[in-house]
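Comments concern the structure below.
The values are calculated or read from the model by the stated rules, or taken from the named source; none is laboratory data. Being a predicted model, the structure only gives us computed values, none of them experimental. FYI the Cβ positions are ideal-geometry reconstructions off the backbone, even for glycines, and counts take in every protein chain you see.
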């Protein structure tokens, strides 16, 4: 499953689980089309486990030797069968290598450089892998590409109470940026 913003959950068959309307519907339809027509998985996909018992990891945890040792212990000693790894956070940092636009706009951070190998190892252990992508809350890209951001009434980049900026969910460039990250996650072996 890919988590798309706060509006929808898209399953492996690319059908919406939660009803959505407006720009989120267009985004989901775009993801459906692009994932079914353009993404070819490089590794076989194992089915989602019937009962998900998961753990949420930052890319920093998943990318460090000490973090992986701790995770391996948990996987060996518990019934955990799913790992959710942050690959794009709300500040806008993208943690997976090889996504074109994040590297171009300098939002890529090398937190998990051997991501594909790590995902492959998790899958060999029958661990279901989910990529967590924060879609429109993206302070970093909104500041680097203000024409993609939500604007305030004076035409400047809008900020929420915490001072963070958001990408405009009506802007197709924002969609394509996040779709590119999701496609790269699938190429690296993430299953959902």
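All conditions but one from (1) within 21 Å of residue 106 (Cα to Cα); (2) over 12 Å from the mean Cα position of the chain (by Cα) apply to residue 155; the one that does not is (1). Taken together, the criteria exclude residue 30 from residues that are within 22 Å of residue 176 (Cβ to Cβ), surrounded by fewer than 12 Cβ atoms within 10 Å (Cβ to Cβ) and at pLDDT below 90. Among the residues making up segment 71-125, those that are part of a helix (DSSP H, G or I) and over 20 Å from residue 55 (Cα atoms) are 100, 101, 102, 103, 104.
The numbered conditions (1) at pLDDT below 95; (2) in a helix (DSSP H, G or I) are all true for residue 141 except (1).
Residue-level analysis places residue 149 among those that are farther than 16 Å from residue 191 by Cα and crowded, with 21+ Cβ neighbours inside 10 Å. The single condition from (1) outside any loop (DSSP other than H, G, I, E, B); (2) touching a helix residue (DSSP H, G or I) at 6+ places or on another chain (Cβ under 9 Å) that residue 132 fails is (2).
Say whether the condition of being closer than 20 Å to residue 58 by Cα, surrounded by fewer than 20 Cβ atoms within 10 Å (Cβ to Cβ) and touching a strand residue (DSSP E or B) at 6+ places or on another chain (Cβ under 7 Å) is met by at least one residue in segment 118-130. There is at least one residue in segment 118-130 that is closer than 20 Å to residue 58 by Cα, surrounded by fewer than 20 Cβ atoms within 10 Å (Cβ to Cβ) and touching a strand residue (DSSP E or B) at 6+ places or on another chain (Cβ under 7 Å).
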